[in-house]
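Any read-out appearing in this document is the output of simple, stated calculations on the displayed coordinates, not a laboratory observation. Here the structure is a predicted model, which is why all the values come from computation and not from measurement.
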Amino acid sequence: MTDTAHVHAAPDLKAIQALAAPDMTAMDALIRRRLASDVVLVNQVAEYIIGAGGKRLRPMLLLLAAGALGHHGSDAHQLAAVVEFIHTSTLLHDDVVDESDLRRGRKTANAVWGNAASVLVGDFLYSRSFQLMVELGRMDVQQILADTTNTIAEGEVLQLLHVRNPDTDEAAYLRVIERKTAILFAAATRLGALLAGADAATQQALHDYGLALGYAFQIADDVLDYASDAATLGKNLGDDLAEGKMTLPLIHAMACGDAATRAELRRIVENGDLDGMPVVLAAITRADSLAYSRARALDYAKAAESALAALPANACTDALRGLARYAVSRDH
């Protein structure tokens, strides 16, 4: 396949998932083996959250990046599992911090077992991920993942500092996204290149791809919180507002609004006032903030595609390109 063959085609997530399926199946088997604990509650909570499925986008990115450079094997499956464990542990902690009760259309682990169990099983998954990466015996891999998990933790704290803060601007919002979301995408794709023995420039290109894709994915996600419905989205519409999160549609509406609109939005944000949702939606509509946010997400998606220019033309590279388009065209 040439790298121009699908430039204008709609991304087909099922075809991309089918391409990655053999490697993802091997990773899933490894995850099941390595989740096991003789503490029953650990097994229950871990199985509940891992078994929820989801798109498994981050480990798939690692496997596709390695595959684009001709590498497949058990080390890639093991690192993909590490990335999934890290991501899952952050979800467990996130839902506790955000007091969320719904994720992917079903109750969160903290809603079922309580906050304490969720935090502690999150810790178990974090530490299990480090056991898995140490087994590979590669200091370069450990360095990337140690730095990444530390940065994610910083992102969590940074987001906490901006809760119910109506003065959060676009630059501050992007700093949170980089640390909380984009950095793990970038680590996944860089690690794929690293396992394939790629040179520094190729590793950097795949890091840049992952980072840009992470921005695109999260901004698109934040648009959906104001533009979708709960059944499609798999979480409660307006959750971001209820949790006091200033995301791009609201930040843009605030920046574009008149003094009266800004004052009203400020009050709603500071109080986490879900009854103010109609006012927020009206302000977002007046400022055309969803279109602005989608355009920003699209810019990042295009940057992600551009970063792939030097990669070999093959099905895995096409799939990475397709995921950049999928990030900004999905409805959940």
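Structure notes:
- Relative to the longest principal axis of the Cα atoms of the chain, the long axis of helix 13-35 lies at roughly 80 degrees.
- When the Cα atoms of the stretch 13-327 are aligned to their principal axes, the ranges along those axes come out at 59, 48, 32 Å in descending order.
- Relative contact order of the stretch 39-161, defined on C-alpha pairs under 8 angstrom at six or more residues apart (%): 27 percent
- Length-normalised contact order of the stretch 13-327 in % [C-alpha pairs under 8 Å, at least 6 apart]: 21 percent
- Anisotropy class of the stretch 123-185 from Cα gyration tensor, a/c 1.5 cut: prolate
- Helix axis angle, 57-68 relative to the chain longest principal axis, alpha carbon, degrees: 40 degrees
- The angle between the Cα long axis of helix 183-195 and the longest principal axis of the Cα atoms of the chain comes to about 10 degrees, rounded to the nearest 10.
- Note: the stretch 185-332, Cα convex hull, 115 Å³ per residue.
- Here the relative contact order of the stretch 112-218, from alpha carbon pairs under 8 Å that lie six or more residues apart, stands at 24 percent.
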